[in-house]
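I have placed the structure first, in the form of structure tokens, so that the comments after it can refer back to it.
The values are calculated or read from the model by the stated rules, or taken from the named source; none is laboratory data. In this text, all values refer to a predicted model and were calculated from it rather than measured experimentally. Here the Cβ positions follow ideal geometry from the backbone for every residue, glycine too, while neighbour counts run over all protein chains shown. Ligands, DNA and RNA are stripped out before the accessible areas are found, and what is left, the full protein with its side chains, is counted by its heavy atoms. Shrake-Rupley method; radii C 1.70, N 1.55, O 1.52, S 1.80 Å.
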Amino acid sequence: GASCAPAGGDIAPPLRFSIPPNAFFQTNTLMAERLVEAVIEFAQPSPTDLVVDLYCGVGVFGIALASSVQRIISVESDPSAIPVAQRNAMANGVTNAKFVLAKSESWPFPIDPIDTLIVDPPRAGLHPRVIQKMLAMEPRRIIYVSCSPTALARDLKPLLTRYTCDAIRCLDLFPHTPHVETVVRLQRTP
């Protein structure tokens with residue numbers, strides 16, 4: 001298991017996660033905590049928020065935000081990750097999170113307005129249909145977590161037609177390599 005304690009402790013209590021050997025998780029757990037902290041900070045959670053977490057893996061971002069929002073819907077295409085995410089939610093006392101087995105590009109977004117949409121796609125970036133759905137659903141805020149600056153730049157281009165980037169944080173989760181994890185916050189343009 002890995003632990004995650006957001007800075008300051010005022011947003012969420014320390015959390016514990018089970019990470020099976022075959023599940024995707026950042027190998028640099030100390031920096032993974034900083035990554036979760038950045039997502040929480042950028043999300044600016046409110047008790048009435050609906051948060052949608054696409055490519056959720058074992059549920060880390062949604063579970064970390066759950067105590068500060070009304071409801072979390074997490075979507076993941078790996079069938080083995082969903083039961084792990086559900087167990088992680090139960091282990092952390094999270095009851096307001098729903099985990100959905102689906103590909104993000106074919107999942108029907110909720111009818112309710114989305115306050116914060118978190119996307120943490122694989123290195124290839126977002127599927128074009130996901131970008132189309134994001135633009136159609138117009139979440140108030142998008143948090144894009146990227147391990148590929150090239151894919152991030154490509155995906156941001158259409159999103160910046162309706163959103164403004166107001167925060168970026170780069171985290172070096174892969175020391176001594178050219179790779180960097182980037183967290184970007186986009187706010188819907190009025």
Note to self: Looking at residue 167 and the list (1) crowded, with 20+ Cβ neighbours inside 10 Å; (2) closer than 20 Å to residue 46 by Cβ; (3) under 17 Å from the mean Cα position of the chain (by Cα), which single condition is not satisfied?
What the structure shows: (1)
Check: Here is a list of conditions, (1) open to solvent by less than 10 Å² (accessible area, probe 1.4 Å); (2) in contact (Cβ under 8 Å) with a residue 40 or more places away in the chain; (3) over 20 Å from residue 114 (Cα atoms), and residue 91 meets all of them except one; can you say which number that is?
Finding: (1)
Next item on the list: Return the only residue of 157, 103 being open to solvent by 80 Å² or more (accessible area, probe 1.4 Å) and more than 28 Å from residue 189 (Cβ to Cβ).
Entry: 103
Item checked: Top-ranked residue in the stretch 41-71 [being outside any loop (DSSP other than H, G, I, E, B) and acidic (Asp, Glu); ranked as farthest from residue 86 (Cα to Cα)] -> 41
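Out of the stretch 89-105, which residues are among the polar types (S, T, N, Q) and in contact with a Lys or Arg (Cβ under 8 Å, 6 or more places away or on another chain)?
Of all residues in the stretch 89-105, those among the polar types (S, T, N, Q) come to 92, 95-96, 104.
Result: 92, 96.
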Margin query: Looking for something among the basic types (Lys, Arg), surrounded by 13 or more Cβ atoms within 10 Å (Cβ to Cβ) and under 23 Å from residue 35 (Cα atoms) - is there at least one such residue anywhere in the stretch 119-137?
Written below: no
Checklist line | Subset of the stretch 72-83 [over 23 Å from residue 124 (Cβ atoms), assigned to a helix (DSSP H, G or I) and hydrophobic (A, V, I, L, M, F, W, C)] | finding: none
Check: Just wondering, is there one or more residues in the stretch 85-105 that are outside any loop (DSSP other than H, G, I, E, B) and touching a Pro at 6+ places or on another chain (Cβ under 7 Å)?
Finding: yes
